[in-house]
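Q: I'd like to ask some things about the structure below.
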Amino acid sequence: MLKQFFIICSGADTELLDGCSQGEQNKYAGIGATVFFTAVMAFIAASYALFTVFDNVYTAIGFGFIWGLLIFNLDRYIVSTIKKRNNVLDELFQALPRLILAVIIAIVISKPLELKIFEKEINQVLLEEKNEMTLENKSQISNRFQPDIALLNSRIDSLTAQTEAKEIEVNQLYATYISEAEGTAGTKLLGKGPVYKEKREKHDAALAELSTLKQENKAKTIALESQIATLENDLKSELNETQPIIDGFDGLMARVNALEKLPWLPSFFIFLLFLAIETAPIIAKLLSPRGAYDFKLEDEESAIKTWVEQKVLQRKLLFKTDNNLNNKVYDDLAEEEELYNYKRKKSRELMQLQADSFFKHQKNSL
């Protein structure tokens, strides 16, 4: 049962193969098994690749099954269309396009499985890329907001410096009138004289200005800090919106690109493995000697070809013979007097009818 199934997978003519030896049947069963298991590997590879795209098991399995059937049909067609010939160069020439197609199929099958085999290494590469993208994204977004935030902070610093300068001025005025009262500076007279009062009034005026300035600058600072908080919230909001995009950067193309950044030798050996599997049925047929099945198949095809050629030749001969007979018959008829007189009579009647019809037409037009 299993042997018969693999023979069907090889694309061989089961009726012809039934009359061959067990060795011949086993050869084609082995070829069919290779075709079948290649399709199974294609199904697994496509299912995994599509799962990374759709993130849905049932969808991935469904499309993977269709892809496996497609590869199975292609491999079966490739193997079944290779015919053994007496000339090795003819066999290589007919197998060359099929070998190229087999290489393409091997690449398509091996790549998703490489992604699965090197999944941990690919995840590490993707993690590093995501970290770099996160830092770059933060830098780009910050570069758009930081100039405005820096400008607002500089205004706050300016207001603070203005207040501090006024405080220093008030403190200096305070120290001046105290020194005047103590007689340690100014007039050097102890007591609260006219100079003291003047300096005290100047200090009190500056103190009032400082109080007013603090209130005004505090209100301005609160407004500026509110603008800074708004900008910082916008910055954080944009970072939160863009980060999921970076976190989701693990699709099929991203993984393929990450795989290319890994050492190429392991991937190359995996590709060679699938290339060997994919081309094994073709190479087996090319290397194997002509067996009983090949002779029977050639005999059946040549018999049909000969029969078709004979029918075409017979049609050509029949057409040629019939044409010669018709020419001879018409040549004989052309020499009969009775046929000549009859055709002459009918031709005269036809010409008379044409003349009458032309006359009526001309008369009506006038």
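Q: Among the residues of segment 232-259, which ones are in a helix (DSSP H, G or I), over 14 Å from residue 117 (Cα atoms) and under 18 Å from the mean Cα position of the chain (by Cα)?
A: Those that are in a helix (DSSP H, G or I), over 14 Å from residue 117 (Cα atoms) and under 18 Å from the mean Cα position of the chain (by Cα): 252, 253, 254, 257.
Q: Is it the case that segment 202-214 has a residue that's surrounded by 13 or more Cβ atoms within 10 Å (Cβ to Cβ), among the small types (Gly, Ala, Ser) and at pLDDT below 75?
A: no
Q: Then there's this: Where in segment 1-54 are there helices (runs of 4 or more DSSP H), lying fully within it, with 1 or more residues that are among the small types (Gly, Ala, Ser) and farther than 13 Å from residue 80 by Cβ?
A: 22-54
Here is a yes/no grid of residues against (1) more than 30 Å from residue 263 (Cβ to Cβ); (2) at pLDDT below 85; (3) of a type in the set (Gly, Ala, Ser):
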| residue | (1), (2), (3) |
| --- | --- |
| 139 | yes, no, yes |
| 192 | yes, yes, no |
| 195 | yes, yes, no |
| 222 | yes, no, no |
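Q: Give the residues of segment 1-37 that are surrounded by fewer than 14 Cβ atoms within 10 Å (Cβ to Cβ) and of a type in the set (D, E, K, R), sorted by residue number.
A: 15, 18 - these are the residues of segment 1-37 that are surrounded by fewer than 14 Cβ atoms within 10 Å (Cβ to Cβ) and of a type in the set (D, E, K, R).
Q: Could you list, in sequence order, all residues of segment 109-125 that are buried (at least 17 other Cβ atoms within 10 Å of the Cβ) and either modelled with pLDDT under 75 or within 20 Å of the chain's Cα centre (by Cα) (or both)?
A: 109, 110, 111, 112, 113, 114, 115, 122
Q: Consider residue 55 against the criteria (1) surrounded by 18 or more Cβ atoms within 10 Å (Cβ to Cβ); (2) under 23 Å from the mean Cα position of the chain (by Cα); (3) modelled with pLDDT under 80: it satisfies all of them except one. Which criterion is unmet?
A: Condition not satisfied by residue 55: (1).
Condition check ((1) exposed (fewer than 11 other Cβ atoms within 10 Å of the Cβ); (2) assigned to a helix (DSSP H, G or I); (3) touching a Ser or Thr at 6+ places or on another chain (Cβ under 8 Å)) across all residues:
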{"position": "136", "(1), (2), (3)": "no, yes, no"}
{"position": "143", "(1), (2), (3)": "yes, yes, no"}
{"position": "146", "(1), (2), (3)": "no, yes, no"}
{"position": "152", "(1), (2), (3)": "no, yes, no"}
{"position": "156", "(1), (2), (3)": "no, yes, yes"}
{"position": "162", "(1), (2), (3)": "no, yes, no"}
{"position": "175", "(1), (2), (3)": "no, yes, no"}
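Per-residue answers, yes or no, for (1) outside any helix (DSSP H, G or I); (2) over 30 Å from residue 18 (Cα atoms); (3) modelled with pLDDT of 85 or more:
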residue: 266; (1), (2), (3): no, yes, no
residue: 280; (1), (2), (3): no, no, no
residue: 309; (1), (2), (3): no, no, no
residue: 315; (1), (2), (3): no, yes, yes
residue: 326; (1), (2), (3): no, yes, no
residue: 329; (1), (2), (3): no, yes, no
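Q: Given the conditions (1) closer than 25 Å to residue 249 by Cα; (2) free of Cβ contacts under 8 Å to residues at least 12 places away in the same chain, report the number of the one that residue 96 does not fulfil.
A: Going through the list (1) closer than 25 Å to residue 249 by Cα; (2) free of Cβ contacts under 8 Å to residues at least 12 places away in the same chain, residue 96 breaks only (1).
The values are calculated or read from the model by the stated rules, or taken from the named source; none is laboratory data. Please read all numbers here as calculations on a predicted model, not as lab measurements. Don't worry about glycine lacking a Cβ; one is built from the backbone with ideal geometry, like all the others, and counts go over all protein chains shown.
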